[in-house]
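The next block holds one structure in the form of structure tokens; read it before the comments.
The values are calculated or read from the model by the stated rules, or taken from the named source; none is laboratory data. What you see is a predicted model; the values in this text were computed from it and never measured. Cβ placement follows ideal geometry from the backbone for every residue including glycine, while neighbour counts extend to all protein chains displayed.
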Amino acid sequence: MKDTNKHQGLRNQLVKQLEEKGITDKNVLATISKIPRHLFLDSSFENFAYQDMAFPIGSDQTISQPYTVAFQTQLLEIKKGDKILEIGTGSGYQTAVLCLMGAVVFSIERQNKLFKNASRELPKLGYHPKKIVFGDGYKGLPEAAPFDSIIVTAGAPVIPQPLMAQLKIGGRLVIPVGEKEQIMTLLIRKNETQFEKHEFGDFKFVPLLEDKN
């Protein structure tokens with residue numbers, strides 16, 4: 001598959017939709033207008049790639065709908081050079097958004113097939129995360145901590161303590177919290193022990209899976 005003028009036109013329409021739904025961060029919108037989402041999906045979904053919908057990507061996982069990607073990314077308030085931990089690489093689409101916005105991205109994926117696919121495909125498409133790790137997102141990545149921001153792209157029943165511990169003072173953790181449906185939650189680390197919490201309404205994500213061993 002290639003990226004064509006037709007795809008660019010569809011992306012421009014998608015960006016307009018996202019603006020109408022309340023996305024205001026110009027950097028986020030500009031980034032989404034540049035990334036060929038259809039290349040992160042199975043070719044059978046190509047005609048639907050720029051609809052504001054989630055799609056299956058195998059291993060019982062999904063690529064989040066563009067509004068969700070834009071909403072979470074906007075909450076991060078990314079500055080160029082920010083060190084960001086992404087929990088749930090999935091198709092690599094959210095990873096690409098973070099990379100294109102100038103972040104230094106560490107990403108964890110626990111589904112081996114998706115991990116291998118993203119590790120192979122992202123560089124081919126011109127996106128270069130600092131590191132993609134096959135592992136348990138609940139544990140974070142202590143060896144690379146602390147992070148300016150952490151983004152979780154799956155629903156967690158509770159906020160994992162290791163992720164809170166790996167956030168810089170002033171850092172932002174964006175995570176959907178809940179069992180069947182999730183509330184988008186932003187934690188801002190104020191000091192060693194205190195976090196400021198903000199909630200942003202209901203979203204629906206696949207569950208964040210934890211290694212039990």
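Of all residues in region 109-130, those that are part of a helix (DSSP H, G or I) have Cβ atoms under 7 Å from Cβ atoms of residues that are charged (D, E, K, R), 6 or more apart or on another chain, in Phe115/Glu109; Ala118/Glu109.
The residues listed here are Lys79, Lys124; of these, the one that is within 23 Å of Ile23 (Cβ to Cβ), out of contact with any helix residue (DSSP H, G or I) (no Cβ under 7 Å at 6 or more places or on another chain) and of a type in the set (Lys, Arg) is Lys79.
Could you list all residues from region 191-210 that are at pLDDT 95 or above and surrounded by 12 or more Cβ atoms within 10 Å (Cβ to Cβ)? Selection gives Phe195, His198. The set of residues in region 80-114 that are surrounded by fewer than 22 Cβ atoms within 10 Å (Cβ to Cβ) and at pLDDT below 95 comprises Gln111, Asn112, Lys113, Leu114. More than 23 Å from Ile35 (Cα to Cα), surrounded by fewer than 21 Cβ atoms within 10 Å (Cβ to Cβ) and touching a residue at least 60 places away in the same chain (Cβ under 8 Å): does that describe Ala144? Yes: the conditions hold for Ala144. The residue that is farthest from Ala96 (Cα to Cα), among those in region 37-52 that are among the small types (Gly, Ala, Ser) and surrounded by fewer than 19 Cβ atoms within 10 Å (Cβ to Cβ), is Ser44.
Checking each residue in region 142-153 for being more than 21 Å from Lys190 (Cα to Cα) and in a loop (DSSP other than H, G, I, E, B) picks out only Thr153. Could you please let me know if Thr95 is within 20 Å of Arg37 (Cα to Cα), part of a loop (DSSP other than H, G, I, E, B) and in contact with a strand residue (DSSP E or B) (Cβ under 8 Å, 6 or more places away or on another chain)? Considered against the rule, which asks whether it is within 20 Å of Arg37 (Cα to Cα), part of a loop (DSSP other than H, G, I, E, B) and in contact with a strand residue (DSSP E or B) (Cβ under 8 Å, 6 or more places away or on another chain), Thr95 comes out as no. Within region 18-36, the set of residues being assigned to a helix (DSSP H, G or I) and crowded, with 16+ Cβ neighbours inside 10 Å comprises Leu18, Asn27, Val28, Leu29, Thr31, Ile32. Taking each residue of region 51-78 that is closer than 17 Å to Val105 by Cβ and looking for partners that are assigned to a strand (DSSP E or B) and among the charged types (D, E, K, R) with beta-carbon atoms closer than 9 Å, six or more apart or interchain, yields Leu75/Arg172; Leu76/Asp148; Leu76/Arg172; Glu77/Arg172; Ile78/Asp148. Scanning region 23-74 for residues that are of a type in the set (Gly, Ala, Ser) and under 18 Å from Gly88 (Cβ atoms), we see that the one that is modelled with the lowest pLDDT is Ser59.
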